[in-house]
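Let me begin by presenting the structure, written as structure tokens, before commenting on it.
Every read-out reported here was derived from the displayed coordinates using simple, explicitly stated rules and does not represent laboratory data. All figures in this text were calculated on a predicted structure; none of them were measured in a lab. Don't worry about glycine lacking a Cβ; one is built from the backbone with ideal geometry, like all the others, and counts go over all protein chains shown.
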Amino acid sequence: MNPTLNWTNPVNYKVKWPDPLPHMTNTQNPVNFPKTTATLEFPPLERVEQTKQSKQQYLLDKLQEESAEVIQAISKVRRFGAHNHHPDRRETNLQELIGELEDWLAIVAALEHTQYFDLTNNKTNIQQKAQALIRS
């Protein structure tokens, strides 16, 4: 018998994505990692580039997803107010927007880290655009 999925339950359609950046738990400290005398073997450069490209594609997919979530959070702020919240949640709409913006900025930072782009070269342009938005 095939179980029928209840599509109103978010558990049935959420996908668990792998973490794009390695992280350490509080118990892991790079200083305490055991020392080894083994020779390090590096993968061929071609495979390194493929891995880098696949990580960048993954991060672009995540950026697209987070952008949609930022748009949704903005819509909630505009429709229901910044200080209101969903009855099932404690966070206000503004707090949810800030959380989504943090996620979005983290992915932008990860893309910069993988050298997909470098926004530091565009700092002047970004500042000019921000000033124009503030003045308008």
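Could you list the GluC sites (Glu not before Pro) in region 57-136 that lie in coil according to DSSP, counting only those with at most 14 other Cβ atoms within 10 Å of their Cβ?
Sites meeting the loop and neighbour criteria: Glu91.
In straight Cα distance, which aspartates and glutamates are under 15 Å from Lys52, not counting same-chain residues fewer than 8 positions off?
Lys52 reaches Asp19, Asp61, Glu112.
What full-extension length gain, to one decimal in nm, is calculated for Asp118 and Leu94 as 0.36 nm per residue of separation minus the Cα-Cα distance?
So the chain would gain 5.7 nm between Asp118 and Leu94.
Could you give the length gained on full extension between His83 and Gln127, defined as 0.36 nm per residue of separation minus the Cα-Cα distance, in nm?
Result for the pair: 12.9 nm of gain on full extension.
Ranked by Cβ crowding within 10 angstrom, fewest neighbours first, how are Asp61, Asp118, Asp103 ordered?
Asp118, Asp61, Asp103
For region 58-116, what mean projected area does the convex hull of the alpha carbons give, in nm²?
Computing the convex hull of the Cα atoms and averaging its projections yields 4.1 nm².
Using a basic spin-label model with each label point 7 Å from the Cα along Cα→Cβ, how many nm lie between Ser136 and Ser54?
4.2 nm
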